[in-house]
1. Which residues, counting only those in the stretch 173-200, are of a type in the set (A, V, I, L, M) and touching a Phe, Trp or Tyr at 6+ places or on another chain (Cβ under 6 Å)?
2. Any residue in the stretch 146-166 that is farther than 15 Å from V112 by Cβ and of a type in the set (G, A, S) sitting within a Cβ distance under 6 Å of a residue that is modelled with pLDDT of 90 or more and open to solvent by 30 Å² or more (accessible area, probe 1.4 Å)? List the pairs, counting only those 6 or more apart or interchain.
3. Does any residue of the stretch 93-110 turn out to be surrounded by fewer than 21 Cβ atoms within 10 Å (Cβ to Cβ), part of a loop (DSSP other than H, G, I, E, B) and within 16 Å of the chain's Cα centre (by Cα)?
4. Which of the residues belonging to the stretch 138-186 are open to solvent by less than 30 Å² (accessible area, probe 1.4 Å), among the charged types (D, E, K, R) and modelled with pLDDT of 95 or more?
5. Can you find a residue in the stretch 252-269 that is open to solvent by less than 30 Å² (accessible area, probe 1.4 Å) and on the phi > 0 side of the Ramachandran plot?
6. Could you grab me the full set of residues in the stretch 305-341 that are part of a loop (DSSP other than H, G, I, E, B), of a type in the set (G, A, S) and open to solvent by less than 30 Å² (accessible area, probe 1.4 Å)?
7. Which one is modelled with the lowest pLDDT, of the residues in the stretch 118-129 that are of a type in the set (G, A, S) and open to solvent by 10 Å² or more (accessible area, probe 1.4 Å)?
8. Check V227, V214, V283 and return the single one that is buried (at least 20 other Cβ atoms within 10 Å of the Cβ), in contact with a strand residue (DSSP E or B) (Cβ under 6 Å, 6 or more places away or on another chain) and among the hydrophobic types (A, V, I, L, M, F, W, C).
Amino acid sequence: MYKIFISTGEASGDLNGASVAAALRNIRPDVALFGMGGEMMRAAGVEIVYDIADLGVMGIVEVAKSLPKLFRLRDFLADWLERERPDVLVVIDYPGFNTRLAKIARRLGIPVISYISPSAWAWGRGRAREVAETVTKVAAIFPFEADVYRQAGADVVFVGHPLLDIVKPSLPRDEAYRLFGADPARPVVLLMPGSRRQEIDMLLPAMLAGMEEVARKVPECQIFLPVASTISREILQNIIDGYNIEVRLTAGNTYDLMNIGTVAVAASGTATLEAAIMGLPTVIVYKVAALTYLLGKLLVKIPHIGLPNIVAGRRIVPELLQGEASAANIARETLPIVADPTVRDRIVADLADVRRRLGETGAVGRVAEVILEVAAHGHGGAA
C-alpha cells in the first residue's frame, strides 16, 4: 500500500488535490492519502493533517506578515513527514510554502512531484532552476511551462491542463436556470472575488459598487456570487448588505452557474481560466498591497496577468489592475458585454481558442499514474 501526502494552500489547490485523490483511488483503491487541504480533498478520501481554511494569503507583503504562522506550519509538516515517511509528496501550487516543504522532503529522501508548478514562465528562469533542483518530477500543465522546466534541467512530463477534466456543467442549461432561480430572458452576472479573505476585502466592494452602476443601466441583470469553500457566507453577506443591490449567494454547481452566465467579474487566478473553458467572458480584476505590486512589476516577465490572456498570447478579456480596478472601470468593461451581443460573441470565440490551446482531456489520470510510478520507487520498487 502506498502512502501519499498532497500539499495545497488554497481553494483551487484543494479542488485539484481532490481530483488527483479521486484518480489515485480509482487506480489503486488501497492507497493511503494524507494532506494539507480543505473540504474537497476531505470528501475525496484524503485524511486532512492541516485544514487550509484560514491559510490563504497572497502577495509579498501580505505573506511576510503571516510568516510566523507559516514557519510553525512548515515545522509541523516537517515533523509529520519525518515521522510518517510517505512514499511521495505531491505539491500543488502555493509555490512559496510548497517549495520549502519540497526541500524538506528531499532532505528526508522523500520523492517530490510538483503539479500546478510555480509559474517560472512568468517569474523567470531562476525559479525554474530552483524547482528543478528540488523536485523529482514536474507534471507540467502548459506546453510552454514544460519547455521552461525542461531547459532548467527538470525531469518533466507534460500532462495537459486538469481543468479540462474538471470544468464541465453537470446539468442542462434549462435545469441550471431552474436550480438557481434565474430567468433565461435576463442577463446573468457572476461575481467571483476570490477564495482568500484578503481578496474579498480588496475586490468585492469595488465589484458591488460597479454592479450598482450596471444595474442602473441594465436593471434586468441578475447577479450571483458563488461562495468559495474557504470563505463564510456571513462575511460576504455583511459586505453585500452595504450596497443597494441584490446579490444571490450560491453554493455548489458553480460550473452550471457559469454555463448560464452572460459575464463574470473575477479576481485574477484559476477562476478566470475556468470561466474561459466554460466560454464565459470575464472582466479580470486584481489588487494587492502597493509594495507587492511594485515588486511584482519588477519581477514578472510577461505582459498580461490574466490566465486567458496569457494562454491566448494577447489581450482577449479586460484586465483591471490596482487603481484601475475601480467601480467605474468595472462597470465600463462589464456593460458592453451585457448589452452588445456582438462584443460578447467575439470574446466567446476567442475563449474557444484558449480552450483548444490547453490540450486534451485526461490530465488528472495522467498525473495519478505519474504519482504512482514515483511512489513505487519511493516504496522500494514494490507494487
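The values are calculated or read from the model by the stated rules, or taken from the named source; none is laboratory data. Predicted model, so just to flag it, every value in this text is computed and none were measured. A quick note on method: Cβ atoms are made from the backbone with ideal geometry, for glycine too, and the neighbour counts reach across all protein chains shown. For accessibility, only protein heavy atoms count, side chains too; no ligands or nucleic acids. Shrake-Rupley method; radii C 1.70, N 1.55, O 1.52, S 1.80 Å.
1. Listed by number, the list holds a single entry, L190.
2. Note: pairs meeting the criteria are A146/F158.
3. No.
4. none
5. Keep residues of the stretch 252-269 that are open to solvent by less than 30 Å² (accessible area, probe 1.4 Å), which gives 256-258, 260-269.
Pick out the ones that are also on the phi > 0 side of the Ramachandran plot and you get 269.
Yes, the stretch 252-269 contains a residue that is open to solvent by less than 30 Å² (accessible area, probe 1.4 Å) and on the phi > 0 side of the Ramachandran plot.
6. Filtering the stretch 305-341 for residues part of a loop (DSSP other than H, G, I, E, B) gives 305-306, 313-318, 325-326, 340.
This time we only want the ones that are of a type in the set (G, A, S), so: 306, 313, 325-326.
Hits for the stretch 305-341 are G306, A325.
7. Once the filter is applied, the top-ranked residue is G124.
8. Just a single option satisfies the conditions, and that option is V283.
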